[in-house]
């Protein structure tokens, strides 16, 4: 129906990949240009930088959108972070279906534990989903987070919990 040559394709830059090293840790992130609707190509390009010989952490947008699915696709393990609220449970149920469909091992971290009810825990127990860590609703943690500080730097008792979490995930990923 379209006249010949009515549609043309062209290559254009939709975002950038930035990276660096700090304290021996390599870091990369993708930045989508303002107004661009598709983050998936940036995520795919970013994932090409992954060194399969290293431990790699990918941080995904929340929910079950295309960028989230692309971030999870092909990974060894996925931490699903939720809150113990009806909204958190609703999103968790959707995310569990996604990781199962993608055949990715997963576990749950409950953030702001204590603000809601126990329905997230019951859901996980009924489905044999491991709850790997509970981070309480805590004003000190919230203050540090809002200032961009990892709370384990000021609350070293939590470092051991995150090391334990990391070791659990690493053991599960060994084939």
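Quick look at the values:
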{"read-out": "Highest to lowest packing among 5-14, 127-136, scored as the average C-beta count within 10 Å", "value": "127-136, 5-14"}
{"read-out": "For the chain, the Rg and Dmax computed from alpha carbons only, in angstrom", "value": "19.2, 68"}
{"read-out": "Order by protection proxy (mean Cβ within 10 Å, highest first), peptides 20-28, 110-118", "value": "110-118, 20-28"}
{"read-out": "Highest average packing first - 52-64, 68-80, Cβ atoms within 10 Å", "value": "68-80, 52-64"}
{"read-out": "Bridge type composition, the chain - antiparallel percent by DSSP, nearest 5", "value": "40 percent"}
{"read-out": "The range 1-42 - Rg (one decimal) and Dmax (whole number), Cα, Å", "value": "17.0, 59"}
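Where a number appears in this text, it was derived from the coordinates with a stated rule and is not lab data. From a predicted model like this one, the values you see are computed outputs, not experimental measurements. With ideal geometry, Cβ positions are generated from the backbone for all residues, glycine too; neighbour counts draw on all protein chains shown.
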